[in-house]
Amino acid sequence: MKFVLGRIKAFAYVFRGMYLMLTGEDSIQVQFVLFLLTSGFSYYLGFTNVEWTVFFLAWGLIFTTETLNTAIERLCDVVSPEWDNRIRDIKDLSAGAVGWAAIMSFIAYILLILNHI
C-alpha cells in the first residue's frame, strides 16, 4: 500500500510541474497553442495512427526539452545569481536543445503534411 501511495504522490509532482510550465512560461503557452492548432489541422488532414504517433512524439520532445531548459535556467539562477560566462554558456546550450527539437519536429511535421497534399 505504501508503494501505491508513493506513486500517487509522485503523480502529484508530475502534474504540478506541468501546471507550472503551462501557467508560468510564455514560450510553452505559445507552443501549447501551436500544438492545439496543429492538432486540429492534422485531424482535418486525416492523419493515420502512425502519423499521429510521430506527431505526438515530436510535440512531446518539444515540451520535454522546453521543460528541461526552464529547469536548467532556474537552477543556474539559484546557483549563480551574478553574471557568469559559464552560466551563460550552460543556458545557451540548454536553449539550443530546444532549438534542435523544434527544428527537427517542424521538419517532421512538414513531411507528414506532404503526405496529404
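The values are calculated or read from the model by the stated rules, or taken from the named source; none is laboratory data. Note that the structure is predicted; figures quoted are calculated from it, not measured. Neighbour counts are summed over all protein chains in view; Cβ atoms, including those assigned to glycine, are modelled from backbone coordinates with ideal geometry.
Of the residues that make up the range 41-51, is at least one of a type in the set (Phe, Trp, Tyr), surrounded by 12 or more Cβ atoms within 10 Å (Cβ to Cβ) and assigned to a loop (DSSP other than H, G, I, E, B)? Quick ask: steps written out before the conclusion?
The first filter runs over the range 41-51 and keeps only residues of a type in the set (Phe, Trp, Tyr), leaving 41, 43-44, 47.
Now restrict to residues that are surrounded by 12 or more Cβ atoms within 10 Å (Cβ to Cβ): 41, 47.
Next cut, assigned to a loop (DSSP other than H, G, I, E, B) only: 47.
Checking the range 41-51: at least one residue is of a type in the set (Phe, Trp, Tyr), surrounded by 12 or more Cβ atoms within 10 Å (Cβ to Cβ) and assigned to a loop (DSSP other than H, G, I, E, B).
Among the residues making up the range 19-31, those that are in contact (Cβ under 8 Å) with a residue 24 or more places away in the chain and part of a helix (DSSP H, G or I) are Met21, Ser27, Ile28, Gln31. Look at Ser80 and say whether it is out of contact with any strand residue (DSSP E or B) (no Cβ under 7 Å at 6 or more places or on another chain), in contact (Cβ under 8 Å) with a residue 40 or more places away in the chain and surrounded by 13 or more Cβ atoms within 10 Å (Cβ to Cβ). Criteria not met by Ser80.
One line per residue, one yes/no per condition, for (1) touching a strand residue (DSSP E or B) at 6+ places or on another chain (Cβ under 9 Å); (2) more than 21 Å from Arg74 (Cα to Cα); (3) of a type in the set (Phe, Trp, Tyr):
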position	(1), (2), (3)
Phe3	no, yes, yes
Glu25	no, no, no
Ile28	no, no, no
Ser39	no, yes, no
Leu45	no, yes, no
Trp52	no, yes, yes
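Only one entry of Phe47, Phe32 meets the criterion of being modelled with pLDDT of 95 or more and either closer than 20 Å to Thr70 by Cβ or under 15 Å from the mean Cα position of the chain (by Cα) (or both), and that entry is Phe32.
The requirement of being closer than 17 Å to Met18 by Cα, among the polar types (S, T, N, Q) and touching a Gly at 6+ places or on another chain (Cβ under 9 Å) is fulfilled somewhere in the range 70-81, by at least one residue. Check the range 90-103 and report whether any residue there is over 18 Å from the mean Cα position of the chain (by Cα) and surrounded by fewer than 17 Cβ atoms within 10 Å (Cβ to Cβ). The answer is no; no qualifying residue exists.
The one condition from (1) in a helix (DSSP H, G or I); (2) within 26 Å of Ala58 (Cβ to Cβ); (3) of a type in the set (A, V, I, L, M, F, W, C); (4) free of Cβ contacts under 8 Å to residues at least 40 places away in the same chain that Leu112 does not meet is (4).
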